[in-house]
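Asks: One structure follows; several queries about it will come next.
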Amino acid sequence: MFDPQLLEVGDLTTSIHVTRDVHGVAAKIVMRRPSDLHAHFRFGNVMEAVFGPQTGPYRYLLAMPNNGLEQGTIVGTVEDMLAYRWKLYELAHASESKADFIVTIYLTDQTTPAVIEQMAWFQATGTPCAIKYYPPHKGATTNSGHGVDLKEAAKMGTLAAMQQLGVRLLGHFESVTDQNGRELPHPERAGYFMKNEYPWLRETFPSLKICIEHASVKPAYQAVLDDESGNTVCTVTPQHLLFTARDLIDRSWRNHLKCMPIVQGPAEIEMALACCTSGDRRFIAGTDTAPHLSQYKQGTMDVCASGCYTPHAMALYVEAFAGRDALDHRLVRFSALNGPAWWDLEFPQFDDRIVLRRPDVGDGIPDPTTVPSESDVIIPLGWTTGDDRPHVRFRCF
Ligand SMILES: [Zn+2]
């Protein structure tokens, strides 16, 4: 019987130490090294520029496949996946990073059961990997529109092979249109998918390991809670724990908060926080850090690129957990242990730790990352020279 609280990892209370100031407010946190189970590294100059900031605090990172080694390409084949993995480790080696990577293949009409067999073999021999589903509509999110829908993948025998061989499905679960072909507004897309498309997937493949990526709506959190087998998990981003649709209107940095699925309202945040701070091992930190050059994040909301760049994601998670008085073993579970547990990876070593503390000057929002070859920068979520920066107190050291 699956126990959502059980993690066979020893005494968790000593996995985090919080130093408080005279007012009882957290000033310094030393904790087990976290992992980021949802990251975008892009390609080329951008990949090299963001690699250090994005990998810094993490033990494991999962690299999404919607950008390959070249602009406009996807990681669509086993060969692509191995080449992308090679590039990640090359950058890790050059920067003396000790991070390990999970790599992914974009679900397309090329993702046959034979490909799944190969992936199962890689997984069994020490190369963790998975399949990522994107909405088959162009424009739904960055580089969507290359793939097949889930019913097509079922017809190809791909989902059955994944279920049988234990290859995980990572889902960007949003419906772009309803059953009558009407285009859905962004705030309704994730909820519509969970109500109308997800039940078929879960019921047809009950043993398929599914991660609902960047879960943003109540039916997504509920789907995780309802599956008592433990086969369904979700990643939750810092932006979906901290910000609402109101911030997309009011904030001077609203463009940098635009991501898909779009942030929702206080009720969704309430449920997300309740789940993530419950200790339940099915809720996993996945930042969805998604760098775009500043030139693509400008203009009106309908034209600017989707994706929040969050090299400061751990500091943002800390703010969210501090708001629930949960800076204890629950933060360690969510950010450092639940991910490796679901991926059957070794837990980070007990003495492998990160330090978060308040910087001597300024706040926890890092300066933009420069990309000299592009004469441009990538701006972290919430960074502004204006006076409405979000409250981010900590920095990772
Ligand atoms: Zn993503």
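Bear in mind these aren't lab numbers, they're just calculated from the coordinates by the rules spelled out. Note that the coordinates shown come from a computational prediction; the quantities given were computed from them, not determined experimentally. Don't worry about glycine lacking a Cβ; one is built from the backbone with ideal geometry, like all the others, and counts go over all protein chains shown.
Asks: Among His93, His23, His329, His214, rank each residue by its count of other Cβ atoms within 10 Å, from fewest to most, as a rough exposure measure.
Replies: His23, His93, His329, His214
Asks: Ignoring the sites themselves, what is the longest stretch of the chain with no GluC sites (Glu not before Pro) in a DSSP loop and at most 12 other beta-carbon atoms within 10 Å?
Replies: Answer - 97-227.
Asks: Continuing with the same structure: Could you tell me the center-to-center distance, by alpha carbons, between region 68-95 and region 40-60 in angstrom?
Replies: With region 68-95 and region 40-60 each reduced to a Cα centre, they are spaced 12 Å.
Asks: Rg and Dmax in Å for region 95-188, alpha carbons only: what are they?
Replies: Using the Cα atoms of region 95-188, the pair Rg, Dmax is 15.3, 53 Å.
Asks: Stokes-Einstein diffusion coefficient for region 241-397 at 4 °C in a medium of 1.567 mPa s, Rh from the Kirkwood formula over Cα pairs: what value in µm²/s?
Replies: Using the Kirkwood radius from Cα pairs, D works out to 77 µm²/s.
Asks: Report D for region 192-231 in µm² per second (integer): Stokes-Einstein, Kirkwood Rh on Cα pairs, 37 °C, 0.692 mPa s.
Replies: Translational D for this selection: 315 µm²/s.
Asks: Packing-wise, with mean Cβ within 10 Å as the measure, how do 271-282, 348-359 rank, highest first?
Replies: The peptides rank, most packed first, as 271-282, 348-359.
Asks: Next question. Quick check: from the Cα gyration tensor, does region 125-179 come out rounded (a/c under 1.5), prolate or oblate?
Replies: Oblate shape, in that a/c is at least 1.5 and b/c is the bigger or equal ratio.
Asks: Can you pull the one-decimal nm distance between simple spin-label points at Thr112 and Arg353, each 7 Å off the Cα toward Cβ?
Replies: 5.2 nm
Asks: Determine the dipole magnitude for region 42-164: charges of +1 sit on the beta-carbon of Lys and Arg, -1 on that of Asp and Glu, nothing else is charged, the reference point is the Cα centre, and the result goes in debye to the nearest 20.
Replies: The dipole of region 42-164 has a size of about 280 debye.
Asks: Greater than 25 Å separation of Cα atoms is the criterion. Which listed pairs, Lys138/Lys258; Lys138/Lys297; Lys98/Lys138, meet it?
Replies: Check vs 25 Å cut-off fails for Lys98/Lys138.
Asks: May I pose another question? What is the spread of the Cα atoms of region 247-290 along each of their three principal axes, largest first, in whole Å?
Replies: 35, 24, 14
Asks: Right, something else. What does the extension gain come out to for Arg246 and Gln295, with contour length at 0.36 nm per residue minus their alpha carbon separation?
Replies: Length gained between Arg246 and Gln295: 15.2 nm.
Asks: Under a point spin-label approximation (7 Å from Cα along Cα-to-Cβ), what is the Ala83-Asp367 distance to one decimal in nm?
Replies: 3.6 nm
Asks: So if R0 is 22 Å, what FRET efficiency would Asp149 and Ser207 give, r being the distance between their Cβ atoms, rounded to the nearest 0.05?
Replies: Between Asp149 and Ser207 the formula returns 0.55.
Asks: Given the chain reduced to its alpha-carbon atoms as identical point scatterers, what log10 I(q)/I(0) does the Debye formula return at q = 0.09, 0.10, 0.11, 0.12 Å⁻¹?
Replies: -0.48, -0.61, -0.75, -0.91
Asks: Decide, for region 221-278, between rounded, prolate and oblate: order the square roots of the alpha carbon gyration tensor eigenvalues as a ≥ b ≥ c, take rounded if a/c falls under 1.5, and otherwise choose prolate if a/b is larger than b/c, else oblate.
Replies: It comes out prolate by the Cα gyration axes.
Asks: Which of the residue pairs Lys151/Lys209; Lys132/Lys195; Lys28/Lys132; Lys151/Lys218 have a Cα-Cα distance greater than 27 Å in the structure shown?
Replies: Lys28/Lys132
Asks: For region 122-227, state which trypsin sites (Lys or Arg not before Pro) are in a DSSP loop and have at most 13 other beta carbons lying within 10 Å of their beta carbon.
Replies: When the trypsin sites (Lys or Arg not before Pro) of region 122-227 are filtered for loop state and at most 13 Cβ neighbours within 10 Å, Lys138, Arg182 remain.
Asks: Another one. What FRET efficiency comes out for the pair Leu6/Gln222, r = Cβ-Cβ distance, R0 = 25 Å, nearest 0.05?
Replies: 0.70
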